[in-house]
Amino acid sequence: MSMVSKIFTSLLLLLLASYSYAKSDYQSLGKPAEALSQQAQWNLSISPDGKALPKGKGMAVQGKQIFALKCAICHGPEGIGASADPLMGEVGSLTSDYPEKTVNSYWPYATTLFDYIRRSMPINAPFSLTPDEVYALSAYILSQDAIIAEDFELNEETLPRVTMPNRDGFISFYPE
Amino acid sequence: MNKPPTQSRRQFLQKAALGGALAGTVSLPVLANADKLEFPDDLPEWMRAPGGEFGNYGQPSKHEQQVIRWISANPAAPGNGVSWTPLHDLQGTITPNGLHYERHHNGVPQIDPEQHILLIDGLVDKPISFDVKSLMRYPMVSRTCFIECGGNSNSGWRSNPIQSQAGYAHGLVSNAEWTGIPLKLLLKEAGIQTAAKWVIAEGADAAALNISIPLEKLLDDALLALYQNGERLRPENGYPMRLVLPGWEGILNVKWLRQLRLTDEPIMSRDETSQYTELMPDGSARQFTFINEAKSLITSPSLGMMLPDNPGIYQISGLAWSGRGKITRVEISADGGDSWVDAELQGPVLDKAFTRFSLPWHWQGEYAILQSRATDETGYVQPSREALIENRGKHGFFHYNAIVSWEITEEGDINHVYGF
């Protein structure tokens, strides 16, 4: 090969090389995760239809005991007034001069209560409660403002059917 | 509050050249022992001995130790709270990583990147997961933008103006260059089904924070960020990976991201119902108010500083930002909003990012109220506090973006006041 054609070949290779680098391209590296997606630890979010709720049951009387043991230290014995957000009371206060956004006065869905307690409470030991305990705590909180009766059993069927006092209080700003 | 009479309001603000006011202040060192030592004793000690050693990771000067995030957390649950960026001590537009604001719901997780995965599932053709090493091989882009907590500046709703320094009242906002993977690449790899409208993002912290985000935003300009100002994310900012949604409130920029589940409806989690919604006077609540509207803040002079020279020339300087696009104008008033002058915007002015503004001010010792007012490219003008409260009442808590007023007394002291 002559010097000229050597140079020509090198230039051609260089051009080809830079072309293959310049292309916008990448390799798909996601791993199939069908099985993973079914596992309980990847199904924590519970929508208002309650479809992802775990099986279990609980009532206010059990919830009251768990609350005193694991929640009152931050939320106060009556669920209002300590270092954490107020949970109970103040239903109907939203239009007053001193509105209080408690679970019972403000939250639109009871399923949110289960979702939130299970994933993050008690704050010093998240994921330490059993489904029955979470149902019982939810029942206790809701019963304090007579959203459900004292002897009402909350479970994966009944919880999504609970209607919160402020169910229709929210106006969506998306899309604008 | 009555405004003391002033001589000429129009003269408060002048785009004047600095002129000769600063000349003639430098004096030369006195030469002693010139016959023995070539250099005199009054050379500073740091020029007479070798300096410190190299450092594996640099730290600020020991003389700047007061420049810190201000922490406000729940004593009963110290991982639940915020820390504020000291905007009043910073210049330029980039927030250093150690000073980026924080909002944690249950502490900063120390995540082992070898054990962390991101799962994309729900209304997709095939659920897929990624480990960190795989993600590092994807094409990345960099994007400078602010992130602002929906609760930033919420002390403004109170009846009395809080006497905190600028950053410690308004510094739940920071601005960084984020580098990562356009989210749409990963979502498309999973195969987006037509019924999908929302994405439930979940973090791997001890709050397992979950929140609904419109799919449209994730397909637009959202990043799966891996780097912050050139280095890997700090633990308190989501290491090993977080969402960055330019212009959308902080809570949606989920840190320590572990899952994106595509759905047809929002999940109605605690942080999109109980929190980050704005209660209106009629008892209704605004929900899914994602965008941080235009806002500005004078960072200097501001509360905690004082004006030493009377008369004197002071460089008014501050930050403006909008979640809807670029800042097009910042006006300054020194008379509580009776008259306004355009400040200079420092370029490049970036979309949904901090914009630094400045204006030289000739102070003659008069009582003054300094304010800044931002306008963005949609024509939206930052409201007065009066107008904001007229529209939203006083119990909205989130999305407070009203004009901030600094009172300058005749002695040169600075207080926070509500507008006039």
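Please treat every number below as a calculation from the coordinates, not as lab data. Since the model is a prediction, treat every value here as computed from it, not as a measurement. FYI the Cβ positions are ideal-geometry reconstructions off the backbone, even for glycines, and counts take in every protein chain you see.
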Length gain on complete extension for the stretch residue A:82 to residue A:51, per 0.36 nm per residue less the alpha carbon to alpha carbon distance?
-> 7.8 nm
Taking A:143-149, B:137-143 and ranking on average Cβ neighbours within 10 Å, highest first, one gets A:143-149, B:137-143
Rounded to the nearest 0.05, FRET efficiency between residue B:413 and residue A:97 (Cβ-Cβ, R0 41 Å) equals 0.75
Determine which residues of region B:231-270 fall in the zone a paramagnetic label at residue B:134 would reach in this model, i.e. backbone nitrogen under 17 Å from the point 7 Å along Cα→Cβ.
-> B:240-242, B:257-262
Straight-line reach from residue B:352: which aspartates and glutamates have Cα under 17 Å away, leaving out those fewer than 8 places along the same chain?
-> B:148, B:177, B:220, B:221, B:249, B:293, B:376, B:377
From other protein chains only, count the Cβ atoms within 10 Å of every residue's Cβ in A:158-171, then give the mean.
-> 2
How far is helix A:110-120 tilted off the main Cα axis of chain A, in degrees rounded to 10, range 0 to 90?
-> 60
Which whole-number percent is the relative contact order of chain A (Cα, under 8 Å, 6+ apart)?
-> 27
For region B:206-248 and region B:286-346, what is the separation of their Cα centres, given in Å?
-> 28
Calculated FRET efficiency for the pair residue A:25/residue B:227, C-beta based, R₀ 25 Å, to 0.05 | 0.70
Considering only Cα-Cα distances, which of the following residue pairs are longer than 23 Å: A:51/B:126; B:295/B:394; B:188/B:295?
-> B:188/B:295
From other protein chains only, count the Cβ atoms within 10 Å of every residue's Cβ in B:212-222, then give the mean.
-> 1
In nm, the gap between the two label points placed 7 Å beyond Cα toward Cβ at residue B:47 and residue B:65 is 2.7
When the charge dipole of the protein assembly as shown is computed with +1 at the Cβ of Lys and Arg and -1 at the Cβ of Asp and Glu, the Cα pointing farthest to the positive end, of B:238, A:83, B:128, is that of B:128
With a ≥ b ≥ c from the Cα gyration tensor eigenvalues, square-rooted, and the rule rounded for a/c under 1.5, otherwise prolate when a/b > b/c and oblate otherwise, the protein assembly as shown is oblate
Mean per-residue count of partner chain Cβ within 10 Å for A:44-57 equals 3
Extend 7 Å from the Cα of residue A:149 along its Cα-to-C-beta direction; within region A:122-140, residues with backbone N under 11 Å of that point are none
Cβ-based charge dipole, chain B, positive-most Cα from B:323, B:391, B:211 | B:211
Shape category assigned to chain B from the gyration tensor of Cα positions, a/c cut at 1.5 = oblate
Nearest 20 debye, what's the magnitude of the dipole of region B:104-286 about its Cα centre given +1 on Lys and Arg Cβ and -1 on Asp and Glu Cβ?
-> 260
Ranked by how many other beta carbons lie within 10 Å on average, peptides B:57-67, B:217-227 from highest = B:217-227, B:57-67
Among the GluC sites (Glu not before Pro) in region B:388-420, which ones are in a DSSP loop with at most 13 other Cβ atoms within 10 Å of the Cβ? Mind listing them?
-> B:410, B:411
When we measure straight from the Cα of residue A:55, which lysines land under 23 angstrom away, once same-chain ones fewer than 8 places off are left out?
-> A:64, A:70
Would you work out the relative contact order for chain B, in percent, from Cα pairs under 8 angstrom that are 6 or more residues apart?
-> 16
Quick one: which residues, 5+ away or cross-chain, put their amide H under 5 Å from the amide H of residue B:328? H built at 1.01 Å from N.
-> B:375, B:376, B:377
Mean Cα-pair separation over length for region B:99-227, i.e. relative contact order, pairs under 8 Å, 6 or more apart, % | 29
Cα gyration tensor category, rounded, prolate or oblate, for region B:295-417 with a/c compared to 1.5 = oblate
